[in-house]
Structures are given as structure tokens and as C-alpha cells.
Amino acid sequence: MSKKFSPSLFLWDLWCTVSIVGIWPRFIEPNLLTTTHLKLPIKNLPSELQGLKIVQFSDLHMNPKVKDNFLNRLSKKINCLKPDMIVFCGDLINHGKVRQPERIKKFLNSLTAPYGCFAIYGNHDYSGCITVNNQGDYDVWQGSNSQISEGFKRVFGPKVVLSKKVTEAAKSIPESLELRQLWSETPFTLLHNETQLIPIKGSHLNITGLGEYILGKCKPETAFATHDSHYPTLVLAHNPDSISNLENYPGDVILSGHTHGGQINLPWIWRKLTLMENPHLKKGLFHIKDHWLYVNRGIGESMPFRWFAYPEILSLTLENHGK
């Protein structure tokens, strides 16, 4: 597939190239793949699950400008961690468009884990992309302007206050059947408001995958219908704001993405670009009631720019915390 010329991206890259300030966040930091190693104590963890290693990545935002070299490095880093399980927490594609499916499948098929690979949708992964409109509602992205120009408008325009409302247009966006078919041709099991009980060394682990919160498709009442309370639970929820729907449901560990860790972590700017109901949950580890929540900084981005938000792979090890 030929790359479509983008005047706004060209001018953006030109500015970043000639600007000393722009070189690092445009061309260097987005390519610096980092690995976070984390051990979490889980109450009543079966001895068979002691030391279970789960590798999480998120927010690839696959498009023709993602280089093969980057994908190869990502694959090598994940596989070198020797994960027992791999999970992907949404936004595989960009703006609801499945571009270069064979490249995507080649990358996903390069990943392997003995107890399975699992994935969920993000707000870019349905038949349309959902974002925040000028009224603060969760709405369908119209795509009339480039992501770069939209970013500048948000930074220098009036502050957008979240209404927490999902428009009817956003609610009506269906799954992408093309993307579901693509996932089916890889080692990954797609979970959309459902739980699977995974047998591991004579014990089991619940894995629950939720639909996207800002589409109104996060349905825990459906997702946990087949949950087995005898075993611990790993929850995949793309948007950390989903936590408001999950406080009364099981979930020893909740893994999220979506925020890109704030992406441009400069005072004032990140809050205008990363619109969240719970901005304190933009990245890192949190303990909320009986849940561990980890918010991953993600791998890619729609707007090619990262500042103090290095791309991140999480290597998570489960440990027994006793009673």
C-alpha cells in the first residue's frame, strides 16, 4: 500500500527536524521501547500460579508509518521476556481503519506464549473511532482534520470539559468484522465483554476482556457472567476510566492503556490533550479497593510525538500474598 502524502505531517516533521526542541519527542523518544518489571502480591493465589509471568502491551495504532524495524524490535523484546501469557489492551489500529492487514498479522503471529495470547478492543478498533468532541461528549471522530492540527486546536483552544455522555452515534458504532477476522488468524483470542477460564498447571485463571468504555460498550454484567470465583481474575480494560464500572466486580489485577502515559508530559499541555475522567490514573500502578490497576503508557500513538512518556512493555509477575 502506498503512503498518502500528508502536508500537515510533512510540515510537522520539518519543524521537528529544524527545531532542537522537536527532534527528541518526534524522532527519538517514540522509538525507545522500555520494559517495566513488576511483581504483584495476589491474595490466595494458587501455588500453581506463583511466578506466572504476564506480558502486556497496548496502543500500537498500526498504520503504514510504523516501521518494520520497530515491529521486529517489539516482537523480539516481548518474546525474550519468556512470557507465560501475552495480553494486548486495545487500539491495534488507527481511526477504525485496518491498513496493511498482512503486516499486522505477521507481527502478531511472531508472538507466542504457552498459556495463550489475549486481546481487547480500544476506542480506535471499532468500525469508527470514538473521541471527545468540542462539547465534551464521547462522539464519533469525523476525520475532517489531521490529528496534528486537532492537537494544536486542543492545546491553544478553550478547555474541553468532559460531560461523561456517550452520543447515540458513538453507541451505535458496531464492531469491525474485518478486525475480528484478522484477530482470528493470529494466536490471540479476542475477548469482548466475556470471561475465559484458562487452565494453568492444574489450576485456573479467569481472564475477562471488556468493551470500550467511551463507546458505552463496557458491560461488566455480561463479561463476568461466566466468571469462576474459585480462581483469581485478570481484567483487560482499555480505558482506565472503566474502573468506575468495576468496583463491585471481581478483578485481582486490571490492565489498561489508552492514555499513552499522558503522551506529552508538560505542565498544562498534557491535561488538554489527554482528556480523562480520572486524570490521576494517566500511568502507572494503583491500588483501588481490592483491585490492582496498571495503566500502560502504550507502544504507539496517533499523533507522532512523545515527551516523557516512553513506549512501554509491562512484564508482570504474580506472587502469593497469603490470606
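The values are calculated or read from the model by the stated rules, or taken from the named source; none is laboratory data. Please read these numbers as outputs of a predicted model, since none were measured by experiment. All Cβ positions, even for glycine, are placed from backbone atoms using ideal geometry, and neighbour counts span all protein chains on display.
Out of curiosity, is W270 closer than 18 Å to V132 by Cα, aromatic (F, W, Y) and buried (at least 18 other Cβ atoms within 10 Å of the Cβ)?
yes
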Out of S110, S75, S176, sole residue that is under 24 Å from T317 (Cα atoms), surrounded by 17 or more Cβ atoms within 10 Å (Cβ to Cβ) and of a type in the set (S, T, N, Q) | S75
For the range 254-267, how many residues meet the condition of being surrounded by fewer than 21 Cβ atoms within 10 Å (Cβ to Cβ) and more than 15 Å from P311 (Cβ to Cβ)?
-> 2
Give the residues of the range 294-310 that are surrounded by fewer than 23 Cβ atoms within 10 Å (Cβ to Cβ), in contact with a helix residue (DSSP H, G or I) (Cβ under 6 Å, 6 or more places away or on another chain) and in a strand (DSSP E or B), sorted by residue number.
-> W307
Go through (1) more than 25 Å from L92 (Cβ to Cβ); (2) modelled with pLDDT of 95 or more; (3) charged (D, E, K, R) and name the single condition K219 misses.
-> (1)
